[in-house]
Amino acid sequence: MLRKFTAKTKSKNLKQFFISLSLLTPLLITIPVYAEKPEHLKQLIDTNNCPKCDLSGSTLDWKNLIRADLSQSNLSSADLSRADLSGANLRNTDLRKAKLFRANLFRADLASANLSNADLSETNLSGADLTNANLTSANLTNADLSGAKLDGANLTNANLRGVRFDNVNLRGVNLNGVDLSNADLRNFNFRGVSLNGVNLSRVNLNGYNLRGVELKNANLSYANLQNADLSNARINGTDLQNANLYNANLQGADLIGSKLNGADLQNADLRGANLDVDSLPNNIRADAVDYSRWGNTLSSRRRYESAIAYYNKAIELNPRNAQIYTDRGFAASKLKNYQAAIADYNKAIEIDPSYAKAYSNRGLVRIEQNDYQSALTDFDQAIRLDSSNAEAYNGRATIRRLQKDYAAVITEASQAIRINSKFADAYNNRGLARFALQDYQSAIQDYDQAIDNSHGWAWAYFNRGLARVAIGQHKDATKDYDRAIEIDENYIEAYNQRSLARFNRKRYEDAIKDCDRILQRDPNYAAAYENKGNSLLALKKKVEAKQVFEQAMKIYSQKQDNISLERVQQTIAGL
């Protein structure tokens, strides 16, 4: 009886314990846990010295800690807001995520301290030693860093908006991604400082020496850079919109990808600079060679109209340069302004009758004008003047291809490839000739080279797809058509060939979708109706197929394509 009573009592007590624990759990969770050791906190308050102490999470706001020794202590997440730490020894101290808002750290020793993610906004750090300190992502908004030592400090992604930096040497300091907008940078030394991604919006850098500085992807919008020396600076990708660059020295600077909309560039020296903006004011300092180079940069990016504007300026400054006329002619030809292109090539040849490139380029335009004989004459002359002119050999190959002299195409294109082993157009020409001669494997190898040596050339992918279809590789052909369409979403013939490849792979519904994509772009594309009809027929949808076939017949009849018309009529007759 006693044993039974004891077991019941135990069970009851255990149950009451768990009930009590469940009731107390929320309270236990909400009770704050302080990591600092009480004895360390008492030591600091009593003696003002506590090196190597654990004071993490401590509340020390408003405390008088003048010249306190807290070296190598753990003050992470501590609240030191408005505390007076002037002259304090905080060397190697852990101050991660500490609150130091409006604290006084005048002449404090913070060498090698970890201040990452700390709140140092409006803090007095004037004269402080922050050598090799970690200030990553710290908030230093409106802090006073005048006269501070920052050699080797890491300020990556720190917020330095409104900071005073007068008489500060930041040599070797990492300021990547820092927000320095509205900062006071009087007597600031930028030499050796990495400023990639820095925010310097509206900062006053009038007359500053920024020679050779790295400011990639920085924000300098509305900044005052009047009379600043930015020679050889790397400013690519930088936002300079509405910046004041009046009389700035930008000689040799890299401005590729920079935004200059609204920037004041009056009297700015841009000689030797690299840039790719669409327009510049007239009153900058630049030579003909600069305008020509900027035009070439834009032309290489297919911004031909802007390129021509630069070539025009280059020609104004140097009207006797054959190369500039040739470059402008090339840009005009890309805009299909063949008359202007021919005029420029004629002028280039008038200036320099031995300039082979002008002849080969003129020959290419004459092909577009279907003037093959004159084009051949130009290519022959270019080769006489320069036997290594690959463009001229490939130009002759193009003419022979149009004339269906495929053996000659292979000979001429091969010579162009011997001169330039990365000549994509020559590989494509030779591939087309080999395809016509039914040498499909060799054609595919040439198309491979054309694709590898070009940047997103839809036609080369399309041609390789045709060759793959010819040897029954419909799946791989479909991938090539996919890529061609990805490059050019309006490539109608690529949709058409893909629909045929999908039909051959018995993917009839996908084939129909491609036909519909064609008809959205060209409602009179008869082959799309025919392909769609064949796919519907394969899906045993005879009524729908007949309707589509009838639409194909109507268009074939209008175009007087009797062979195709008869083919569709026979298909309908067999329904």
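Summary of packing: across the peptides 372-380, 451-459, the per-residue average of other C-beta atoms within 10 Å ranks them, highest first, as 372-380, 451-459.
For the chain, the Cys residues with no second cysteine's beta carbon closer than 4.7 Å are C515. In summary, the aspartates and glutamates within cross-link reach of K422, defined as a Cα separation below 14 angstrom excluding same-chain residues under 8 places away, comprise E391, D446, D448, D452. Charge tally around R82: other residues with Cβ under 15 Å, Lys/Arg +1 each, Asp/Glu -1 each, net -3.
From its DSSP helices (H runs of at least four residues, each -39,500 (n - 2.57)), the chain gives a residue-normalised ellipticity at 222 nm of -15000 deg cm²/dmol. When P(r) over Cα pairs in 20 Å bins from 0, in percent is computed from the coordinates, the matching label among [x] 16, 27, 25, 22, 9, 1, 0; [y] 16, 51, 28, 4, 0; [z] 17, 42, 34, 7, 0 is [x]. The fraction of accessible area contributed by carbon and sulfur in the chain is 45 percent, rounded to a whole number (1.4 Å probe; ligands and nucleic acids excluded).
The local environment of L220, defined by Cβ-Cβ distances under 12 Å, has a net charge of +2 under the rule Lys, Arg +1 and Asp, Glu -1.
Put the Cα centre of region 271-323 next to the Cα centre of region 83-118 and the gap is 53 Å. When all protein chains stay in place and ligands, DNA and RNA are ignored, the 1.4 Å accessible-area order of I235, I410, largest first, is I410, I235.
Which entries in K513/K541; K506/K532; K216/K313 show an alpha-carbon gap greater than 19 Å? In this structure, K216/K313 lie more than 19 Å apart at Cα.
Heavy-atom accessible area, probed at 1.4 angstrom with all protein chains present, ranks R320, R301 as R320, R301, highest first. The residues of region 343-455 present an accessible area of 46 Å² per residue when probed at 1.4 Å with all protein chains retained. To the nearest 10, the accessible area of D264 is 50 Å² with a 1.4 Å probe. Treating the angle as unsigned and between 0 and 90°, give the value, to the nearest 10°, between the Cα long axis of helix 304-317 and the longest Cα principal axis of the chain. Result, in degrees: 90. Taken per residue, the accessible surface of region 86-128 reaches 38 Å², heavy atoms only and a 1.4 Å probe. The fraction of all Cα pairs in region 192-301 landing in successive 10 Å bins from 0 to the largest distance is 17, 55, 25, 3, given as whole percents. Between the helical axis of 508-521 and the dominant principal axis of the chain, each derived from Cα atoms, what acute angle in degrees is found, rounded to the nearest 10? Its long axis makes an angle of about 80 degrees.
Solvent-accessible surface of region 269-327, taken per residue with a 1.4 Å probe and all protein chains present: 46 Å². Amide hydrogen proximity for L180: with H placed 1.01 Å from N in the peptide plane, the residues at 5 or more positions away or on another chain lying under 5 Å are L160, N199, L200, S201. The Cα center of region 531-566 and the Cα center of region 346-424 differ in position by 44 Å.
Please give the net charge around Y325, taking every other residue with its beta carbon less than 10 angstrom from that of Y325, where Lys and Arg add +1 and Asp and Glu add -1. So the surrounding residues net to -1. Mind running the shape call on region 255-322? Use the C-alpha gyration tensor, a ≥ b ≥ c as the square roots of the eigenvalues: rounded below 1.5 for a/c, prolate if a/b tops b/c, oblate otherwise. Because a/c hits 1.5 or more and a/b fails to exceed b/c, region 255-322 counts as oblate.
The values are calculated or read from the model by the stated rules, or taken from the named source; none is laboratory data. As the structure is a prediction and not an experimental result, all values here were calculated from the model. A quick note on method: Cβ atoms are made from the backbone with ideal geometry, for glycine too, and the neighbour counts reach across all protein chains shown. Note: accessible area is taken over every heavy atom of the protein model, side chains too, but ligands, DNA and RNA are not part of it. Shrake-Rupley method; radii C 1.70, N 1.55, O 1.52, S 1.80 Å.
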